[in-house]
Structures are given as structure tokens and as C-alpha cells.
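Novice: Have a look at this one before I ask anything.
The values are calculated or read from the model by the stated rules, or taken from the named source; none is laboratory data. Bear in mind that the values here come from a model prediction, so they are computed numbers and not experimental data. Using ideal geometry, Cβ is built from the backbone for each residue, glycine included, and neighbour counts are taken over all protein chains shown. Note: accessible area is taken over every heavy atom of the protein model, side chains too, but ligands, DNA and RNA are not part of it. Shrake-Rupley method; radii C 1.70, N 1.55, O 1.52, S 1.80 Å.
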Amino acid sequence: MSLSNVLFVLVIFQLLFLSLFLFTHQNGKKISNKVLGFFFLAICLNLLDVFMLQVGVYNLHPAFAGLGSCLPLLFGPLLYFYTRSIVYKFFSFNLKSFFHFLPFVFFFSGTAFYSLSQSTKMQEKVLNDLSEHHLPVAISVVSALIFLQFFFYAISSLRLVSAYKKATGQLFSNPVNIDVSWLNSTIIFFILIVIISAANVLSAQTALAKYYLIAFNLVVFALFVFVIQVMMKALRQPGFFSFAEKEEFSEHLAMATKGNLSSAEKSEREYTVQAAVRLMQNEKPYLDAELTLDQLAAKMNIKPRALSQAINDGLQQNFFDFINRYRIQEAASLLTNPKDEKITVLEVLYQVGFNSKSSFNTLFKKHTGLTPTEFRKKQAN
């Protein structure tokens, strides 16, 4: 067996194992587990179809060759619904959701009907063309449309992640609660994979067709590495970033979008901002790592929405930035004039309300232009 085939087998079994694991995994958010499991399974079956074509399994049953080429129509919808299941706490499928999978159903049914209705000679001809990557122009065009469909869902997923980050910035002060970089990276990775695959399929119409398998093997290897390095984090915490119902999520997205305000509303918001600043300075609630918008609003005896809008309009900040600005100021003070000269940066970050060193370093440098260690050394000079 060639190295290429060994890689195919490894990735196929890897994806199959992950799919079965997700289908049976009891921890985390079950619907997210299952949607991600189907996403992996669709990729697994698509690769299996290519592998069977390469090793000649379809020579015995040419009518079934290429049916797996319909599976990419599932990639986009599954990735999109996985994203929705992560950002919406009470996500569920409804009848409308299944309309997104109709293109796959129709295309698969049409392809199967056409293939099975052809003579054996024609089936063998199609199989031979597929094996040698001599694809008809019509197939390349259809493939391009399938890739465009994926891009539509992938971009929609990225927009949803962006909206989620914006909404959570209105609600949480803990960076962990708004960190969806792993999901963002996953979507971008598959966009790049599909771009390469699309270019590879279209190259079948040119003199570059002889490099088809080389490019495809590179894609498979990239999948192998990516699944190991990135996806396992999502598998360990599949529902960690889910926090709100759809209605609540949409409400927080709209918090800072209200138009012109009356004089009374402006005055009320200015008063709310001043009260919030006094509370920060006097009671330092930002030292609580898990402080949320609802908790701070409760301390001030106002509605969370009113507080969020006041911070947005009065300070041009969201709740996340508002709270963490005070945390960074407190950290800078401790590093400049520590009560204990032996205090470490790690101890400082925990004292001021952070529980992630990487998040603390990133925000500290954003506000001061220096890392905490660099800042301390500069103050010591």
C-alpha cells in the first residue's frame, strides 16, 4: 500500500472514530456533539469515496462511482448549524432547518437515478473518466456551484461568530466567555481547504490535471494535522461557549443600535455612567473574575439593558472593555507599587480578576503597549 493510501486510511478511521465518539459522548452539549459528528462523518464518507475510486473498488460496481461527490453539499449546512448550536443555548432543529439539506437530497437522488439508468458500458466510461480525472465541463461547473454553496454557509457562520463576540462583550467580563477563536479558526480552515479543493477540481479541465492527486493528498494531510491539533479542543468543550437563547442573543445585539436619544435619555445615561464609574472606583467589583452585566446591574439597581446602553453610548465601550480597563489599571498599579516586592505576574493577574495568563497578557499589552513583564522592568528602572 502506498504512503498516500496509508494517509487516506488513517484520516478516514480518525474521522470515523471522532464521529462515533461524538454520537455517544454524554458530556457537553449533545446536539452540538451530534451535529459535529455528522460533519466529520460526511467528510469521512467523501474521502472514502475518493479512496475507493483510487484503489479500484468501483471497478466491480461502476454504477456507484462518484455518488460520494454529493456529500460536500452537507459540509456547509452542518458547519453552519454546528456554529448556531454553539452560540445559541437552546438551539434545536425544526422543519425549516431541514430545507437546508434538500440540495443534497435532490442532487444525490438525481445522480443515483442517472447513474443506475445508464448501460454498463457508459458506467464504465464514466468510471474511467473519474479515475483519470478527465471531468466533463458540466461536472466541473456543478462542483463550482457546490463550493459556492459552502462559501455561503461558511461566511454566514463567520458572521454569526462575529455577532456572538459582539453580544458577549456586552454581557461578560471574563475573556474565556467570549473567546470563540477556536471556532473562528475552524471555519477559516475549512474555507481554505474548500478553496484549494475547488481549484483542484477546476484544474481537471487544464494541463494541471496530472497534479490532482498530489493536491488532494495535501488537503488530506492538512485535515489530518488540523483535526489533531485544533478539533480536540472543541471536542473536549463542545458546549462551553453556549450562553443564551436566540431571543436573548438578538436582544443584546441590538443594545447599542438605538438611534437619536432625547435629552432626558442622554441625561439618564450620563448619570448611569457616572454611577458605574463611582462603583468601580469605590467597591472594585471588577476584581470578581466572573462578574457579568446582570450582576453589576443588580448592584446598581437598574436593568442590564440600560446599563449596557449607557456604557456603549457614554464611554464608547462594551461591558467587556469597560471592566477589563479597570483590571488592567489595577494590575499596573500593583506592578508599579506592590505591597509585596516578591509578588509574581501570575499572582497579580489573579488578584485583579483574570484567570487566564494569555488573556491577561494580551489585554495588558493592548492597554499599555507592553507585556506585564516588560512593564514591570520599565518601572523598576
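Novice: On average, how much accessible surface per residue is there in the range 10-96, in Å², for a 1.4 Å probe, leaving out ligands, DNA and RNA?
Specialist: Heavy-atom accessible area per residue stands at 43 Å².
Novice: Still on this structure: Would you list the P(r) distribution for the range 1-147, with all Cα-Cα distances sorted into 10 Å bins from 0 and each bin expressed as a whole %?
Specialist: 10, 33, 33, 18, 5, 0
Novice: With a sphere of radius 13 Å drawn around the Cβ of residue 77, what net charge do the other residues whose Cβ falls strictly inside it have (Lys, Arg +1; Asp, Glu -1)?
Specialist: Computed value for this residue: +2.
Novice: Additional query: Counting only protein heavy atoms and a 1.4 Å probe, tell me what percentage of the range 303-381's accessible area is made up of carbon and sulfur.
Specialist: 49
Novice: How much of the pair distance distribution for the range 289-381 lies past 16 Å, counting alpha-carbon pairs only, in percent?
Specialist: Looking at the range 289-381, the distances longer than 16 Å represent 57 percent of pairs.
Novice: Mind checking the per residue accessible area of the range 303-358 for me, 1.4 Å probe, whole number of Å²? Intermediate results must be reported in sequence, preceding the final value.
Specialist: Values: 2780 Å² over 56 residues.
Solvent-accessible surface per residue comes out at 50 Å².
Novice: Now for a different question. Which values of log₁₀ I(q)/I(0), to two decimal places, follow from the Debye formula for the range 30-102 at q = 0.12, 0.23, 0.28 Å⁻¹ with a uniform point scatterer at every Cα?
Specialist: Debye curve over Cα of the range 30-102, log10 I(q)/I(0) at q = 0.12, 0.23, 0.28 Å⁻¹: -0.42, -0.97, -1.23.
Novice: For the range 1-153, which whole-number percentage of the solvent-accessible area (1.4 Å probe, protein heavy atoms only) is attributable to carbon and sulfur atoms?
Specialist: Exposed carbon and sulfur together represent 74 percent of the surface.
Novice: What three numbers, in Å, describe the spread of the alpha carbons of the range 279-331 along their principal axes, ordered from the longest?
Specialist: So the extents along the principal axes, rounded to whole Å, are 29, 22, 19.
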